[in-house]
Amino acid sequence: MGTQYGRGAVTPAIKTEKKAQKLSRPSKYLVYLLNDDYTPMDFVVIVLQEFFAMSYPRAVKVMLDVHQNGRATCGIYTRDIAETKVAQVNEFARLNDHPLLCKMEKV
Ligand code: TYC
């Protein structure tokens with residue numbers, strides 16, 4: 001009379017265990033400034049102090065690094081924070097009519 005599913009029948013176990021989730025650390029992004037011929041050095045120093053929490057001597061060093069080598073890293077952040085820094089710096093530069101450019105790239 002076919003397969004018996006009544007008492008004593010073996011039913012498939014319901015799978016309750018979850019596979020172990022692989023967690024990876026969030027990617028990091030470099031935020032950097034590009035050199036140009038028009039943005040005043042003092043303005044770049046202010047940007048580095050205000051948006052990247054650098055001391056005045058550190059900000060001057062980084063500004064000169066950009067001026068001499070074309071670009072320099074200002075900080076390394078998770079994607080959301082890097083995007084916010086880039087947007088804030090570029091907006092601040094535009095508001096002050098300077099062509100200063102801030103960009104980010106994945107580490
Ligand atoms: N090159 C600019 C000047 O001579 C200074 C400068 C430095 C501009 C860094 C942009 O990201 C920059 N006035």
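The values are calculated or read from the model by the stated rules, or taken from the named source; none is laboratory data. Note that the coordinates shown come from a computational prediction; the quantities given were computed from them, not determined experimentally. As a convention, Cβ positions derive from the backbone with ideal geometry for all residues, glycine included, and neighbour counts pool all protein chains shown. The accessibility values were calculated without ligands, DNA or RNA, using every heavy atom of the protein model including side chains. Shrake-Rupley method; radii C 1.70, N 1.55, O 1.52, S 1.80 Å.
Reported count of residues in the range 90-107, each being away from the ligand (no atom under 13 Å from the Cβ) and closer than 16 Å to Thr39 by Cβ, is 4. If you go through the range 53-71 and pick out every residue that is under 22 Å from the mean Cα position of the chain (by Cα) and surrounded by fewer than 19 Cβ atoms within 10 Å (Cβ to Cβ), you end up with 6.
May I ask you to list the residues in the range 77-100 that are among the hydrophobic types (A, V, I, L, M, F, W, C) and surrounded by 14 or more Cβ atoms within 10 Å (Cβ to Cβ)? Correct list: Ile81, Ala82, Val86, Val89, Phe92, Ala93, Leu100. Residues of the range 61-89 that are within 16 Å of the ligand (Cβ to nearest atom) and among the aliphatic types (A, V, I, L, M): Val62, Met63, Leu64, Val66, Ala72, Val86, Val89. Note on the range 17-52: among residues that are in a strand (DSSP E or B) and either closer than 12 Å to His67 by Cβ or in contact with a His (Cβ under 6 Å, 6 or more places away or on another chain) (or both), the one that is least open to solvent (accessible area, probe 1.4 Å) is Leu33.
A quick yes/no check of all residues on (1) at pLDDT below 95; (2) in contact with a Leu (Cβ under 6 Å, 6 or more places away or on another chain):
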{"residue": "Val10", "(1), (2)": "yes, no"}
{"residue": "Thr16", "(1), (2)": "yes, no"}
{"residue": "Lys19", "(1), (2)": "yes, no"}
{"residue": "Leu33", "(1), (2)": "no, no"}
{"residue": "Ala53", "(1), (2)": "no, no"}
{"residue": "Ala59", "(1), (2)": "no, yes"}
{"residue": "Arg94", "(1), (2)": "no, no"}
